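Report on the following structure.
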Amino acid sequence: MGFCPLIRSARRSLQCYRFVSQTTIFGGASESRSTKDVNNFSWKKESYYHVSSGSDFMRGVVFWEPNKPLTIEDFQIPRPKAGEILIKTKGCGVCHSDLHVIKGEIPFPSPCAIGHEITGEVVEHGPLTDSKITNKFPLGSQVVGAFIMPCGNCYYCSKGHDDLCEDFFAYNRAKGTLYDGETRLFLRSNGKPVCMYSMGGLAEYCVVPVNALTVLPSSLPYTESAILGCAVFTAYGAMAHAAEVRPGNSVAVIGIGGVGSSCLQIARAFGASEIVAVDVQDEKLAKAKILGATHTINSKKEDPVERIREITGGRGADVAVEALGKPVTFSQCIRSVKDGGKAVMIGLAKAGSLGEIDINHLVRRKIQVMGSYGGRARQDLPKLVRLAETGIFNLKDAVSRKYKFEDADKAFQDLNQGKIVGRAVVEIV
Ligand SMILES: [Zn+2]
Ligand SMILES: [Zn+2]
């Protein structure tokens, strides 16, 4: 897709932005410098970029164009603006949403830094950050970030519907920027801008809007906790806000990847009585039992709709969740729910994919079909941290593989080939 006009405008404003930033780093101290000192400082500013990293540059994983290998590039260390925090990234999950972008199935501006499921350490606050934020997230504190990064001020955010944040969709998902229309990522070699998929978290540092962050207690590990920001977050949003699962409900989950397997654990936490896992891989179904499934169905060997009806006394499930994003499973999900039941779609599909619904079945049986994307960062993420902290959500069993930063491309290849059972996380040290 190349560099769009928007990106060029982002580049033009970089100089101005840096000037603002440099005065911020040193606060009042820079004002007392002589002109000569200031000029000297300006000339040397790259070396003052980030005092605690020991380096002026960082590495990040970049997607260039569909079906080309990801590359690791050197970037200037990004800088947070107002309302943002710079994170030294520690863990980043390997998610199908990135894979959709990598394969060109969901269009996204490129080049872009991928990765949207992160944990890390707070290393810098944006300019004019108020004391409430600096007290909540002091330098050195551990945090986890949600992939939907709420602006906090739009129509939906003001109603607490962070999952529908207008700025997130208008800027980040549509243009690959943060909410001033600019990226925070620039290549070391030539200064060219690189778009951000969410925070562009598959990098040694990332800038995250503060509303997307929650404190991660020291009892939780950086690596496994990364999945709280997308896989668990998405599962929680589907179960709590869309399906509104209640104790005693029957819940069927179709597609037991990172998100689907998290749905099993959340359904169990909510007191679901029958939890049915559907997949085509026996290995994933075996894992599903550890994560809360009371029944498993290999849909290559059995008709999942018939089998779900059998398990639920012939009626169908109270709730069925589709976590694959395929027309065939979309239809199965709808046919698996009882009369008046809820079919919740959380799997992203190739752009333009359509699903079929039997209209009369939908109308007469009062089937509720709903979409659900992520969760509400400010309300939900702290709850998810608590579920993990208390062991109600088992992070250790949810994460099956860990990759080195250098092997990020391999991680996505493995995900594409169905080789990852549960969730994989890239460790960034
Ligand atoms: Zn994701
Ligand atoms: Zn918003």
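Nothing in this text is a laboratory measurement; each read-out follows from the coordinates by a stated rule. Quick caveat: nothing in here was measured; it's all calculated off a predicted structure. Note: ideal-geometry Cβ built from the backbone for every residue, glycine included; neighbour counts use all protein chains shown.
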Defining a contact as two alpha carbons under 8 Å apart and six or more residues distant in sequence, what relative contact order in percent does the chain show?
17
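Classify the range 335-420: rounded, prolate or oblate, from the alpha-carbon gyration tensor (a ≥ b ≥ c, eigenvalue square roots; a/c under 1.5 rounded; otherwise prolate if a/b is larger than b/c)?
Working: a/c = 2.67, a/b = 1.52, b/c = 1.76.
Oblate, because a/c is 1.5 or more while a/b does not exceed b/c.
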Taking the Cβ of each residue in LYS284, LYS132, LYS326 as the centre, tally the other Cβ atoms inside 10 Å and list the residues starting with the fewest.
LYS132, LYS326, LYS284
Qualifying GluC sites (Glu not before Pro) in the range 356-429, DSSP loop, other Cβ atoms within 10 Å at most 10
GLU356
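Got a sec? How would ARG309, ARG423, ARG246 order by Cβ neighbour count within 10 Å, fewest to most?
Numbers: ARG309 18, ARG423 26, ARG246 11.
Going from sparsest to densest Cβ surroundings: ARG246, ARG309, ARG423.
GluC sites (Glu not before Pro) within the range 260-339: which are DSSP loop residues with at most 14 other Cβ atoms inside 10 Å?
Working: sites: GLU274, GLU283, GLU302, GLU306, GLU310, GLU322; in loops: GLU302.
Those satisfying the criteria are GLU302.
Just check the range 175-215 against the gyration tensor rule for me: Cα atoms, a ≥ b ≥ c as the square roots of the eigenvalues, rounded for a/c under 1.5, and otherwise prolate or oblate depending on whether a/b exceeds b/c.
Values: a/c = 2.59, a/b = 1.53, b/c = 1.69.
Oblate.
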Helix-derived [θ] at 222 nm for the chain: sum -39500 (n - 2.57) over DSSP H runs of at least 4, divide by residue count, nearest 500?
-8000 deg cm²/dmol
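Which value, to two decimals, describes the C-alpha radius of gyration of the range 131-280 once divided by 2.2 N^0.38 Å? Before the final figure, lay out each step's value.
Values: Rg = 17.7 Å, N = 150, 2.2 N^0.38 = 14.8 Å.
Dividing the Cα radius of gyration by 2.2 N^0.38 Å gives 1.20.
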Among TYR197, TYR205, rank each residue by its count of other Cβ atoms within 10 Å, from fewest to most, as a rough exposure measure.
TYR197, TYR205
Calculate the dipole size of the chain relative to its Cα centre from +1 charges on Lys and Arg beta carbons and -1 charges on Asp and Glu beta carbons; express the result in debye to the nearest 20.
260
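Could you size up the charge dipole of the range 183-281 around its Cα centre, putting +1 on the beta carbon of Lys and Arg and -1 on that of Asp and Glu, and report it in debye to the nearest 20? Can you show the working numbers first?
Values: 5 positive and 5 negative charges, 78 e Å.
Charge dipole, the range 183-281, about its Cα centre: 380 debye, nearest 20.
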Hydrodynamic radius (Kirkwood) for the chain, which is based on Cα pairs only, to one decimal in Å:
22.2
Given H placed 1.01 Å from N in the peptide plane, which residues other than close sequence neighbours of VAL426 have an amide H under 5 Å from its amide H?
CYS92, GLY93, VAL94, TYR403
So for the range 193-302, using the alpha carbon gyration tensor with a ≥ b ≥ c as root eigenvalues (a/c under 1.5 gives rounded; past that, a/b versus b/c decides prolate or oblate), I'd call it prolate
Considering only C-alpha atoms, what is the centroid distance from the range 149-190 to the range 52-101, in Å?
16
